[in-house]
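*Asks:* One structure, as structure tokens, below. Some questions next.
The values are calculated or read from the model by the stated rules, or taken from the named source; none is laboratory data. Please read these numbers as outputs of a predicted model, since none were measured by experiment. Note: accessible area is taken over every heavy atom of the protein model, side chains too, but ligands, DNA and RNA are not part of it. Shrake-Rupley method; radii C 1.70, N 1.55, O 1.52, S 1.80 Å.
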Amino acid sequence: MNQFAEQLIHGRTHVSPKRLGEPGPNALEKDQILLAANAAPDHGRMLPWRFIEIQQASRQLLAEVFEKCLLDRDQKASKLQLQEAQDKAFRGPLLLLAIANDADDNPDISKEEKLISLGCAIQNILLRSHSLGYGSGLSSGKALKTDRFKRLFELSNSEDPICFITIGTLIKDKPNRIRPGLSQYHTVF
């Protein structure tokens, strides 16, 4: 593997959204990051996924939904817990929501294959972000699976929110992650 690919793949690590701040990608860089998704395997351009960018002007609406979803689960949530739920909406300069779409009724392409395509698109976004010098991380949570959340983003019945992708500048270092050895995930049959 050439040195650039090795460094790109093995140099990228998950960064918590709490550790990502300004500056974020400019308009050209954002386009480059998002265009990397279209190189994912997609079974003849069926595009079983999409991404929604949550702009700063919409973050308060997302914060309110996070708070309401927490209250739906725990009516005794403290003010601190409610504030922490809201704060999640404001982390990172570029916030994307990854959506899986199972609308295509082609019986030869399973839902699992479509999710793998989305996973590849996400990985391409993460790698392109890293190549531009940005940190990135994935996050999810119970709120994503609620009707309240789906209504906020006007998702169809065939669409499922999978995770958030947060991209920005690393504002707080973290220790290097020890990756698993090959023998931990590879066997020969």
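*Asks:* Based on DSSP H runs of at least 4 residues, each adding -39500 (n - 2.57), what is the mean residue ellipticity at 222 nm of the chain after dividing by all its residues, to the nearest 500 deg cm²/dmol?
*Replies:* On the way: 6 runs with 69 residues, N = 189.
After summing the helix terms and dividing by the residues of the chain, the value is -11000 deg cm²/dmol.
*Asks:* Using Cα springs under 10 Å in a Gaussian network model of the chain, which residue among LEU47, LEU127, LEU28 shows the largest mean-square fluctuation?
*Replies:* Judging by the Gaussian network model, the answer is LEU28.
*Asks:* Could you look at the chain and say what percent of its accessible area is carbon and sulfur, using a 1.4 Å probe and all protein chains? Present the calculation step by step, with values, prior to reporting the outcome.
*Replies:* On the way: 6120 of 11830 Å².
C and S fraction of accessible area: 52 percent.
*Asks:* Could you list, in their original order, any pairs among LYS76/LYS111; LYS79/LYS114; LYS79/LYS150; LYS114/LYS150 whose Cα atoms are separated by more than 31 Å?
*Replies:* Working: LYS76/LYS111 37 Å; LYS79/LYS114 40 Å; LYS79/LYS150 25 Å; LYS114/LYS150 19 Å.
Violating the 31 Å Cα-Cα cut-off are LYS76/LYS111; LYS79/LYS114.
*Asks:* Counting heavy atoms of the protein chains only and a 1.4 Å probe, report the per residue accessible area for the chain as a whole number of Å².
*Replies:* Values: 11830 Å² over 189 residues.
So the chain comes to 63 Å² accessible per residue, rounded to a whole number.
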